[in-house]
Amino acid sequence: MPNRNDKILLLETTRFKCITESFVVLANELLKAGEEGGFVPWITGASYEQYPTGGYHDLGYAWDIRIHNVKDPLRFACALRTNLYAISDRFRVVYGNKDHTDHIHVEYRFDGKPRPEEA
Ligand SMILES: [Zn+2]
């Protein structure tokens, strides 16, 4: 194992419904981003909580990521998007719209539905 930060922290309320292969891919990208940006990645939400029934969070395919511990959140979000989109066009990364100013939302559209902004 490389000598680096080897963990992702979780807000204490974060609950996972399942661990998907897409989450493993995201986790690896978060670890790399944290290493490069000098921060420890945090996941602040996965499933349960207030997430709408039937949505990607509820189904175990979406995760929210903290940004207030990141020096350059926009750069972080853009790099995460570029890297995940290169791996699969089923990933969707949302940051900077009215509902996503304090965290980055990542989902894996396992059902193959196009991203809303591209439909
Ligand atoms: Zn979300």
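The values are calculated or read from the model by the stated rules, or taken from the named source; none is laboratory data. Quick caveat, the model's predicted, so the values are computed rather than measured. In this analysis, Cβ positions are derived from the backbone assuming ideal geometry, glycine residues included, and neighbour counts consider all displayed protein chains. Note: accessible area is taken over every heavy atom of the protein model, side chains too, but ligands, DNA and RNA are not part of it. Shrake-Rupley method; radii C 1.70, N 1.55, O 1.52, S 1.80 Å.
Could the peptides 58-64, 92-98 be put in order, highest first, of the mean number of other beta-carbon atoms found within 10 Å of their residues?
Numbers: 58-64: 21.3, 92-98: 15.4.
Sorting 58-64, 92-98 by mean packing, highest first, produces 58-64, 92-98.
Can you return the aspartates and glutamates within cross-link range of K17? Criterion is Cα-Cα under 16 Å, with same-chain partners fewer than 8 residues away left out.
Output for K17: E49, D58, D64, E107.
Whole-Hz Karplus ³J(HN,Hα) for region 103-116, in order, using 6.51 cos²θ - 1.76 cosθ + 1.60 and θ = phi - 60°, x for Gly and Pro?
7, 9, 9, 10, 10, 10, 7, 4, 7, x, 5, x, 4, x
Hey, any idea what % of the chain's accessible area is carbon plus sulfur with a 1.4 Å probe? Write down the numbers at each step before the final one.
Details: 3650 of 7090 Å².
C and S fraction of accessible area: 51 percent.
Step through the residues of region 76-88 one at a time and calculate ³J(HN,Hα) from phi using the Karplus curve (6.51 cos²θ - 1.76 cosθ + 1.60, θ = phi - 60°), rounding each to whole Hz and writing x for Gly and Pro.
4, 5, 5, 5, 4, 4, 4, 5, 5, 5, 5, 7, 7
Based on Cα coordinates alone, diagonalise the gyration tensor for the chain, multiply each eigenvalue by 5, take square roots, and list the semi-axes in whole Å, largest first.
Calculated on Cα positions only, the semi-axes equal 21, 16, 15 Å.
For an R0 of 22 angstrom, estimate the FRET efficiency from the Cβ-Cβ distance between K113 and L74 and round to the nearest 0.05.
Numbers: r = 26 Å, r/R0 = 1.19.
So, using R0 = 22 Å, E works out to roughly 0.25.
Quickly estimate the mean residue ellipticity at 222 nm for the chain, helices only: each DSSP H run with n ≥ 4 gives -39500 (n - 2.57), and the total goes over all residues, rounded to 500. Before the final figure, lay out each step's value.
Details: 3 runs with 36 residues, N = 119.
Rounded to the nearest 500, the figure is -9500 deg cm²/dmol.
Count charges around L59 for me, please; just the other residues with Cβ under 10 Å from its Cβ, Lys/Arg as +1, Asp/Glu as -1. Please report the intermediate quantities before stating the final value.
Numbers: positive: K17; negative: D58, E107, D111.
Around L59, the charge tally is -2.
Longer than 24 Å from Cα to Cα, which of K7/K113; K7/K71; K32/K113; K7/K98 are they? Say none if no pair is. If you can, show how the numbers build up before the last one.
On the way: K7/K113 31 Å; K7/K71 19 Å; K32/K113 28 Å; K7/K98 30 Å.
Pairs exceeding the cut-off: K7/K113; K32/K113; K7/K98.
Accessible area per residue of region 33-119 at 1.4 Å probe, in Å²? Provide the component values of the computation, followed by the final result.
Details: 4840 Å² over 87 residues.
Ligands and nucleic acids excluded, the result is 56 Å² per residue.
What accessible surface, in Å², does a 1.4 Å probe find on Y51, ignoring ligands, DNA and RNA and rounding to the nearest 10?
50 Å²
Using only Cα atoms, what Kirkwood radius does region 1-54 have, in angstroms? Numbers along the way, then the final one.
Details: mean 1/r = 0.0810 Å⁻¹.
The Cα-based Kirkwood calculation yields 12.3 Å.
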